[in-house]
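Accompanying notes for the structure given below.
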Ligand SMILES: C[S@@+](CC[C@H](N)C(=O)[O-])C[C@H]1O[C@@H](n2cnc3c(N)ncnc32)[C@H](O)[C@@H]1O
């Protein structure tokens, strides 16, 4: 099994990745972000939607929302979140490597470092090509990752996150293949038990992800340093790349 196919990884580490605090932050981002300001009724695909932190606020902003994820556990959480909020969202279980719905969306979002998971670089390119195929002409893809330049600014510092139930997660990052890939090792310590997981994904600089968008056939490609629409520079904490399907 590939690391990203492990349902228990996403659910065991959900308290750090999908915390209530992050949910509130995402709701604010979706309400205010100029990068997420689309015409009412826009058809938005959240590719790798996880438990749906973006889905409900996107639906509340007046968009027609679809969520795709490989994990049955994450999709079930998304289904519950949408039902609780009364948000009408279509949910599909699919692998981003295969999933395409030709011409069906105005916007495709892939956020919170849900890209670069495949060992073969061509497979990551294929995900962008699938997204392009799923877009209507003039539609846009937006990918949000931890840029290589951003990571270089803090990698090496110990990362530990305390969770409300008294458990904590320690994160260690290891650069592989001359900065082409990153391995992240997580250890969740709860009482006297420890659960570890390793994730290995491709790392992209702004120029590299830009070039991948070009290779996938996108035009009008821009790089941002956050959902506030700021430029990608030395102050940025994220790398967001946006491109248009002609
Ligand atoms: C880091 S989480 C981000 C989730 C969500 N975008 C968010 O902002 O909270 C990555 C998600 O990608 C999903 N995923 C991993 N590999 C996938 C694949 N090959 N196809 C579709 N989804 C995948 C995981 O199940 C997980 O929900």
For this session: Report the residue count in the range 179-200 for those that are out of contact with any strand residue (DSSP E or B) (no Cβ under 7 Å at 6 or more places or on another chain) and not in a loop (DSSP other than H, G, I, E, B).
Result: 3
Seminar exercise, completed: For residue 155, the lone unmet condition from (1) over 19 Å from the mean Cα position of the chain (by Cα); (2) modelled with pLDDT of 95 or more is (2)
Problem set entry | the range 55-109, residues that are under 25 Å from residue 136 (Cα atoms), in contact (Cβ under 8 Å) with a residue 60 or more places away in the chain, within 15 Å of the chain's Cα centre (by Cα) and not in a loop (DSSP other than H, G, I, E, B) | 107, 108, 109
Problem set entry | Hits in the range 53-70 (condition: out of contact with any strand residue (DSSP E or B) (no Cβ under 6 Å at 6 or more places or on another chain) and near the ligand (Cβ under 7 Å from one of its atoms)) | 53, 69, 70
Problem set entry | Condition broken by residue 192, with the remaining ones in (1) modelled with pLDDT under 95; (2) under 21 Å from residue 50 (Cα atoms) satisfied | (2)
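Matching residues to (1) at pLDDT 95 or above; (2) within 13 Å of the ligand (Cβ to nearest atom); (3) within 27 Å of residue 170 (Cβ to Cβ); (4) assigned to a loop (DSSP other than H, G, I, E, B):
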position: 15; (1), (2), (3), (4): no, yes, yes, no
position: 23; (1), (2), (3), (4): yes, yes, yes, no
position: 28; (1), (2), (3), (4): yes, no, no, no
position: 31; (1), (2), (3), (4): yes, no, no, no
position: 35; (1), (2), (3), (4): yes, no, no, no
position: 40; (1), (2), (3), (4): yes, no, no, yes
position: 46; (1), (2), (3), (4): yes, yes, no, no
position: 51; (1), (2), (3), (4): yes, yes, yes, yes
For this session: Given the conditions (1) near the ligand (Cβ under 10 Å from one of its atoms); (2) farther than 26 Å from residue 229 by Cα, report the number of the one that residue 112 does not fulfil.
Result: (2)
Seminar exercise, completed: When restricted to 164, 137, the only residue loosely packed, with under 14 Cβ neighbours inside 10 Å and not in a loop (DSSP other than H, G, I, E, B) is 137
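The values are calculated or read from the model by the stated rules, or taken from the named source; none is laboratory data. Since the model is a prediction, treat every value here as computed from it, not as a measurement. All Cβ positions, even for glycine, are placed from backbone atoms using ideal geometry, and neighbour counts span all protein chains on display.
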